[in-house]
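Trainee: Have a look at the structure that comes next, please.
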Amino acid sequence: MDVDRNALAEQKGQKPAVLWFTGLSGSGKSTIANALQKRLFALGKHTFSLDGDNVRHGLNRDLGFTDADRVENIRRVANVAKLMSDAGLITIVSFISPFRAERRMARNMMADGEFIEIHIDTPLDVAEQRDVKGLYKKARAGEIQNFTGISSPYEAPENPELRIDTVNRNPDDAAEEILDYLKEHGFLGA
C-alpha cells in the first residue's frame, strides 16, 4: 500500500478539500471560517485554517500590500493549502484574495473538484460598518495605501461554488450552509 494523498484522506474518513473564503475586509470570512472549523472538529474531521493573521506574521511577513506582494501572498498560501490537501486535510483558507487571476491560479494548483471557492458577499458599506480596527477609516484618510475596496479593487468571483450573503444571514447559518455543501458533495465521508 502506498501512503499517498488518497490513503491519508481515507484514514481520516474524509476527502481533501480547500475551502477558499474570499471577500472584503470585514465581510465575515474569519468569523464564518471559525464557526465552520468548530463544526468540522465536532464531527471528528481533520482541518487546518490559514488566514491573514497566522500567515502574514510568519510565512509572509516579508510581504506588503502592493499588487505584486498580494499575488505572491496568494501563491504561497495556495502552495501551503496544496500541501495540506495532499496530507488529506480539509483546509480552510480565509484571505481577501482580491484578484480573480490569483484565485484561478490557486484553483488550478489543486486536484479537480477539491477547490471550493466561497464568496463572502458583503457590500462595502456593510463591511465598513463592521470595521472594529478602523482600517477603512484609515484607508479613506490616505493612511493605508492599496486597501481593497478603497484604493485597490476587489474582483468578485464570477462562478463561486458558494456565495454567502452576510447581510441577511448570520455566521452560524452560513457555516451550516457550507457544512451541508461538504456533506452533499461527499467530502465528509460516510
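The values are calculated or read from the model by the stated rules, or taken from the named source; none is laboratory data. The shown structure was predicted, so the numbers you read here are calculated from the model rather than taken from an experiment. Positions of Cβ are backbone-derived with ideal geometry, glycine not excepted, and every protein chain shown enters the neighbour counts.
Trainee: I'd like to check something: does the range 11-34 contain any residue that is touching a strand residue (DSSP E or B) at 6+ places or on another chain (Cβ under 7 Å) and either at pLDDT below 90 or among the charged types (D, E, K, R) (or both)?
Mentor: The answer is yes, given that some residue of the range 11-34 is touching a strand residue (DSSP E or B) at 6+ places or on another chain (Cβ under 7 Å) and either at pLDDT below 90 or among the charged types (D, E, K, R) (or both).
Trainee: Can you run down the residue pairs with Cβ atoms below 9 Å, 6 or more apart or on separate chains, where the first is in the range 108-130 and at positive phi and the partner is hydrophobic (A, V, I, L, M, F, W, C) and surrounded by 16 or more Cβ atoms within 10 Å (Cβ to Cβ)?
Mentor: Listed pairs, sorted by first residue: Gly113/Ala17.
Trainee: Of the conditions (1) within 20 Å of Ala78 (Cα to Cα); (2) in contact with a Leu (Cβ under 9 Å, 6 or more places away or on another chain); (3) of a type outside the set (A, V, I, L, M, F, W, C), Lys12 satisfies every one except a single condition; which number is it?
Mentor: The one condition Lys12 does not meet is (1).
Trainee: So, one more: Grab the helices (runs of 4 or more DSSP H) fully contained in the range 1-89, keeping just those with 1 or more residues being of a type in the set (Phe, Trp, Tyr) and more than 17 Å from the chain's Cα centre (by Cα).
Mentor: Working: elements: 5-12, 29-42, 52-56, 67-86.
Once the helices (runs of 4 or more DSSP H) in the range 1-89 are filtered for at least 1 residues that are of a type in the set (Phe, Trp, Tyr) and more than 17 Å from the chain's Cα centre (by Cα), what remains is 29-42.
Trainee: Of all residues in the range 156-190, which are crowded, with 18+ Cβ neighbours inside 10 Å and more than 26 Å from Arg100 (Cα to Cα)?
Mentor: Leu188
Trainee: Which of the residues that make up the range 1-29 are buried (at least 20 other Cβ atoms within 10 Å of the Cβ) and not hydrophobic (A, V, I, L, M, F, W, C)? Don't jump to the end; show me each part of the working.
Mentor: Step one: list which residues in the range 1-29 are buried (at least 20 other Cβ atoms within 10 Å of the Cβ), which gives 9, 14-29.
Scanning the range 1-29 gives Gln14, Lys15, Pro16, Thr22, Gly23, Ser25, Gly26, Ser27, Gly28, Lys29.
Trainee: Identify the residue in the range 58-79 that is surrounded by fewer than 16 Cβ atoms within 10 Å (Cβ to Cβ) and under 30 Å from Gly13 (Cα atoms) and, among all such residues, is modelled with the highest pLDDT.
Mentor: Asn79
Trainee: Further question: Conditions: (1) over 21 Å from Arg5 (Cβ atoms); (2) of a type in the set (Ser, Thr, Tyr); (3) surrounded by 19 or more Cβ atoms within 10 Å (Cβ to Cβ). Ser85 meets all but one. Number of the miss?
Mentor: (1)
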